[in-house]
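**Student:** Next up is a structure, given as structure tokens.
Any read-out appearing in this document is the output of simple, stated calculations on the displayed coordinates, not a laboratory observation. Note that this is a predicted model, so its numbers are computed, not measured. All Cβ positions, even for glycine, are placed from backbone atoms using ideal geometry, and neighbour counts span all protein chains on display.
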Ligand code: PEP
Ligand code: MG
């Protein structure tokens, strides 16, 4: 048994068999072959080994010619390893005696070698591990073909283990079969994490390297509450986690009774509790959990899911689906927020030196008016059918907001001319997720109908911490006093000006912060659907003076760590059941 600590990004427990997706995207299943297929499989292995050998020879000759003999020698070493008769005997034996498939045998045997080399504390032998990785990949490519198998094609329950998953790869995972996943890299605020939570798949990311320690089919536990990945768990651990799965189920059933109760504090103050969605299908998750509306619809997943630019009808149909399902409840549609870690081949910003500071989000929309106008037309058309509100992401300057509003006004005129119905009074809001927006908030509130604070980016841009980088994950902290001051400034400005303020970053979905946010005057929370019942439960258990006292105390504190400890203690006192 081996326990790995990563970052907990999507709660819940998953117990199942591993499906390893290596860096090149090969799926390495645990597969057995029928007794009468053994000879055929041995031939397949022999063919793959010959082809891999020929490929290495070809590379060696080419490199020798271009760079000289000493470089060619690297490939000779690969060739020697590949053609080592002991390797061949070991692989043949696994296929013949244990009936392993050649792919599974290759990954099993070579990963064991890799582990031995990695455990040796000598640099040059460590390097050998990489050589064996190369050989493994080469053999798998020859056995499986070059095609990266689509994760969306998984048809039996598995736990996906990968070096990395992009947000769109994650979006394509089928929650029916992918019962959990873990990745070696990734940070707490990454969109991969957000999508995992949306799909309600228990997930842990940023564990560091471990894929060489597992093979497809190994038993795995993902503890999405504590951020643990457990490889080869023993019986006692499995039993303990099975019990925990049961506890989760019971807790969810208890919380279900809150669905139709309003989110009001014990002293009768109403809290607007909305859900965040990435896909129209999530609307049912929101309604099932008792959300009052959609506070953030991340429309970029329309682009990421399709892998191409959607046309007006595609936009409109998606919005229509949401509007119809929400039956009159408010829906805040955010315009395209592509870039940084949400990339498409034709919008790929990763080549930019600093994609988070580059051409992304509203900047991309303003720089590509046909694309922006297409989306605005569809949102406006949907506004004729329900309580649709529009929101612009990553606003940093007044000019940017005014430009976006001008394009919107222009599109409204077009629709009017064409006699296409829309709501002329559709509320227009902005995300507050850049410190510059908070510094200028007294001006912004004059020009919008509502504010929505995106703490995920606000933390990233204020603390200069990449939200998707595990190396700095410990510095990414919603409880940092600087973040809390910004929140207070933005909430105060909204209250003073009489416009609604909502927090839609992940922070608002954590029960740790509910009392604090209520105490700071926040009355709008937009959270992942799975978090709705717990946030509602906290709201219903506390009163406003109690929360104000908590906020006042917190605003005198200097360290994120102390703030978190204090908030957890206060939550425990108010609602022992939910402290996390
Ligand atoms: C945020 O930044 O807090 C936010 C809600 O937007 P996203 O996570 O999509 O960047
Ligand atoms: Mg954001």
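**Student:** Helix 69-82 versus the longest principal axis of the chain: what is the Cα-based angle in degrees, 0 to 90, to the nearest 10?
**Tutor:** Rounded to the nearest ten degrees, it is 80.
**Student:** Counting only C-alpha contacts under 8 Å and six or more residues apart, can you give the relative contact order of the chain as a whole percent?
**Tutor:** Numbers: 1126 pairs, mean separation 83.9, N = 580.
Over the chain, the number comes to 14 percent.
**Student:** State the Kirkwood hydrodynamic radius of segment 528-580 in Å, one decimal place, computed from all pairs of distinct Cα atoms.
**Tutor:** Details: mean 1/r = 0.0842 Å⁻¹.
After inverting the pairwise mean of 1/r, the radius is 11.9 Å.
**Student:** Same structure again: Determine, from the Cβ-Cβ distance of residue 406 and residue 548 and an R0 of 45 Å, the FRET efficiency 1/(1 + (r/R0)^6), rounded to the nearest 0.05. Numbers along the way, then the final one.
**Tutor:** Numbers: r = 40 Å, r/R0 = 0.89.
The calculated FRET efficiency here is 0.65.
**Student:** Going by average Cβ neighbours within 10 Å, how do the peptides 84-92, 99-107 rank, with the highest at the top? Spell out each step's value before the answer.
**Tutor:** Details: 84-92: 13.6, 99-107: 24.1.
So the peptides 84-92, 99-107, ranked by packing, come out 99-107, 84-92.
**Student:** Can you give the alpha-carbon Rg of the chain over 2.2 N^0.38 Å, where N counts its residues? Don't skip to the end; give the middle numbers.
**Tutor:** Working: Rg = 26.6 Å, N = 580, 2.2 N^0.38 = 24.7 Å.
The reported ratio for this selection is 1.08.
**Student:** Based solely on C-alpha atoms, express the radius of gyration and the Dmax of segment 357-483 in angstrom.
**Tutor:** Rg, Dmax (Cα atoms, Å): 16.5, 54.
**Student:** Quick check: residue separation of residue 312 and residue 64 times 0.36 nm, minus the Cα distance between them. What number comes out in nm? Could you put the intermediate results ahead of the total?
**Tutor:** Working: separation 248, 0.36 × 248 = 89.28 nm, distance 5.51 nm.
Result for the pair: 83.8 nm of gain on full extension.
**Student:** Using alpha-carbon positions, what is the distance between the centroids of segment 183-210 and segment 402-424, in Å?
**Tutor:** Cα centroid to Cα centroid, the span is 39 Å.
**Student:** Along each principal axis of its Cα atoms, how long is segment 411-538 end to end? Whole angstroms, biggest number first, please.
**Tutor:** Ordered largest first, segment 411-538 gives principal extents of 54, 33, 31 Å.
**Student:** Follow-up question, since we're still on this one. What does the convex hull of the alpha-carbon atoms of segment 46-146 project to on average, in nm²? If you can, show how the numbers build up before the last one.
**Tutor:** On the way: hull surface 27.0 nm².
Directional mean of the projected Cα hull area for segment 46-146 stands at 6.7 nm².
**Student:** Could I ask something else about it? So, how do all the Cα-to-Cα distances of segment 245-383 break down into 10 Å bins, in percent, from 0 on up?
**Tutor:** The percentages, shortest bin first, are 11, 34, 28, 19, 9, 0.
**Student:** Under a no-solvent Debye model with one identical scatterer per Cα of segment 378-428, what's log10 I(q)/I(0) at q = 0.14, 0.21, 0.25, 0.31 Å⁻¹?
**Tutor:** Log10 of I(q)/I(0), two decimals: -0.36, -0.75, -0.97, -1.22.
**Student:** Among 14-21, 384-391, how do they line up by average Cβ neighbours within 10 Å per residue, starting with the highest?
**Tutor:** Descending packing order for the listed peptides: 14-21, 384-391.
**Student:** Between residue 51 and residue 248, how many nm apart are label points set 7 Å from Cα along the C-beta direction?
**Tutor:** A separation of 4.0 nm, rounded to one decimal place.
**Student:** Report, in degrees rounded to the nearest 10, the 0 to 90 angle that the Cα long axis of helix 38-67 makes with the longest principal axis of the chain.
**Tutor:** The answer is roughly 80 degrees.
**Student:** Taking the Cβ-Cβ separation of residue 232 and residue 88 as r and a Förster radius of 30 Å, what is the calculated FRET efficiency to the nearest 0.05? Provide the component values of the computation, followed by the final result.
**Tutor:** Numbers: r = 27 Å, r/R0 = 0.91.
Once the sixth-power term is evaluated, E becomes 0.65.
**Student:** I would also like to ask the following. Starting from one equal scatterer on each C-alpha and no solvent at all, send me the Debye-based log10 I(q)/I(0) for segment 208-254 at q = 0.16, 0.26, 0.27 Å⁻¹, two decimals.
**Tutor:** For segment 208-254, the Cα-only Debye profile gives -0.53, -1.03, -1.07.
**Student:** Sticking with this structure for a sec: Quick one: helix 398-417 against the long Cα principal axis of the chain, what's the angle to the nearest 10°, folded into 0 to 90?
**Tutor:** For 398-417 against the chain, the angle is about 80 degrees.
**Student:** Need one number: % antiparallel among DSSP beta bridges in the chain, to the nearest 5.
**Tutor:** Working: 21 of 57 bridges.
Just about 35 percent of them are antiparallel.
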